[in-house]
Amino acid sequence: MPRIIPLVLPLSVLLASIMTFGNLAENYEFAAMKSSGISLQRAMRVLIIFIFLLSIVAFWFSNNVIPFAEYKFINFRKNIAQAKPAMAIAEGQFNDVGFYNIKVNKKSGENGNILTGVTIHEKPTNTGENKTVIKAKKGKLISSEKSSILKLVLNDGYYYQDVTPKKYEDRAKLPFIKGAFKTQIINIDLSELNKVDTENESINSTSSMLNINELRYTLDSLNKSRDNEVISFAENINQRVGISKPILVTINKEKKKKSLPNNLLSLYNNKQKKGILDMAASNMTSTIYSIESTQKELKDKQRDINKHLTALYEKFVIAFACFLMFFIGAPLGAIIRKGGLGLPIVFAVLIFITFHFINTFGKRLSQEGGMTPFIGAWMSSFILLPLAVLLTYRATNDNGLINFDVITTPIQNIFQKISERFFPSQNPE
């Protein structure tokens, strides 16, 4: 529930301000105020102080309550997994549980821990080898609230394991190992079980569980880790391709003693040339693969840094959003002069959907590196800020929402000139 507050609070301020000031304008109370010498800014003064205090409370809430609630939520899910781990496994479909994909035909028992028709796919390692499939007629889940290990006991089953031969010509035969067992025990870490059946990235990420001080400390560690990895990778690549200061000095000294030919391969025979070219091609392929894999790791680390930066800026955005929505809603209500739950709800929903869409778009784009996290987090506020200034200015000067004279007057002048040119007025003489 605390996660909903950043969405609900700005919308509530927007809707309440439109309804309140629209009701005052509809009943001509603003006209009475202005006739008594009370301006719109003076009428809004007490509410501005209230919104300022509300923004402070919103900032405190997003910096303390929401991270604590996220932390308690994840631990609550872990306690559920320890008490009733069968809740993480649904019947008739594969369930991602740690290093295994588990499918059961039927669950029974008091806690649903008795399994029938168990099929388990063990996830492959980084090399893609040791692909194992386990099938068992029956199984049982055993867990304890004091232990973080879930025990899966399988009975009367078989296992199949693919084997990758070292020789390429033997791989076409697709060899595998098959075995039978009466009882087999699989231990599953509940920390991995806690990640089952969730597509919400904010749950798997630690950025939502940290306050400002913790986010700054984490960001400092993440940036140092990324910089160290870049330096380490650069040094490893330089050593692999032979680019280092001592080697360059040695080569320069050798060049002074004896000049090398333009074509170095001419110093070797055809067999040696082939070996040198094959080795160079192999080194090039290995280096490119290493660069691409490291580039992907660095991109993932940068994405994690962007998520933490976005989470840091969001704590300030929610406080500013309350101010922004008030300065949009209050003058808008005074202009449209409609209170109640009709037209104000329409305007509030349209404005807030625009704000929320731009905010979501900016955060997603900044996390992927399309823009800086600061711009992504504040983009919605920067776009709607001119609207707040314009509405406040027009409401202060008693202007309507849209000045149609600015649009219609030039059009009327054009038609008047055309009519005077093609249909001149008749002279009475």
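The values are calculated or read from the model by the stated rules, or taken from the named source; none is laboratory data. For clarity, every value in this text was computed on a predicted model and none was experimentally measured. Here the Cβ is made from the backbone with ideal geometry for all residues, glycine too, and neighbour counts use every protein chain on show. These area figures cover heavy atoms from the full protein model, side chains too; ligands, DNA and RNA do not enter into them. Shrake-Rupley method; radii C 1.70, N 1.55, O 1.52, S 1.80 Å.
For residue 164, what accessible area in Å² do you get when you roll a 1.4 Å probe over the heavy atoms of the protein chains, rounding to the nearest 10?
Here the accessible area works out near 70 Å².
Just to be sure I understand the model, the point goes 7 Å from the Cα along the line to the Cβ. What's the resulting residue 226 to residue 34 distance in nm?
5.2
Considering only the other residues whose Cβ falls under 10 Å of the Cβ of residue 116, what net charge follows from Lys and Arg at +1 and Asp and Glu at -1? Can you show the working numbers first?
Numbers: positive: 106, 107, 137, 138; negative: 91.
Summing Lys/Arg as +1 and Asp/Glu as -1 gives +3.
Near residue 5, within a Cβ-to-Cβ distance under 14 Å, what is the net charge of the other residues, with Lys and Arg +1 and Asp and Glu -1?
Working: positive: 3, 315; negative: 70, 314.
Summing Lys/Arg as +1 and Asp/Glu as -1 gives 0.
What order do you get for 178-188, 99-109 when each peptide is scored by the mean count of other beta carbon atoms within 10 Å, highest first?
My ranking of the peptides, most packed first, is 99-109, 178-188.
For residue 131, which sequence-distant residues (separation of 5 or more, or a different chain) have an amide H within less than 5 Å of its own amide H, given hydrogens modelled in the peptide plane?
Result for residue 131 returns 162.
Using only the heavy atoms of the protein chains and a 1.4 Å probe, how would 378, 60 rank by accessible area, largest first?
Numbers: 378 40, 60 140 Å².
So the residues, ranked largest to smallest area, are 60, 378.
Mind giving me the nanometre distance, one decimal, between the label points for residue 398 and residue 274, set 7 Å out from Cα along Cα→Cβ?
Label-label distance for residue 398 and residue 274, simple model: 9.8 nm.
Just to check I understand the Karplus step: with θ = phi - 60° and J = 6.51 cos²θ - 1.76 cosθ + 1.60, what whole-Hz values come out for the stretch 350-355, glycine and proline as x?
4, 5, 6, 4, 4, 4
Ranked by accessible surface with a 1.4 Å probe, highest first, in what order do 5, 134, 49 come? Write down the numbers at each step before the final one.
Details: 5 60, 134 10, 49 100 Å².
So, going from the largest accessible area down, we get 49, 5, 134.
In terms of solvent-accessible area of protein heavy atoms at a 1.4 angstrom probe, what is the ranking of 44, 379, 19, highest value first?
Values: 44 5, 379 35, 19 55 Å².
So, going from the largest accessible area down, we get 19, 379, 44.
Around residue 180, with a cut-off of 13 angstrom between Cβ atoms, what is the net charge of the other residues, counting Lys and Arg +1 and Asp and Glu -1? Walk me through the intermediate numbers first.
Values: positive: 135, 137, 178, 182; negative: 156.
For residues surrounding residue 180, the net value is +3.
P(r) for the stretch 1-54: what percent of alpha-carbon pairs falls in each 10 Å bin, starting at zero?
Final binned percentages: 21, 43, 25, 9, 2.
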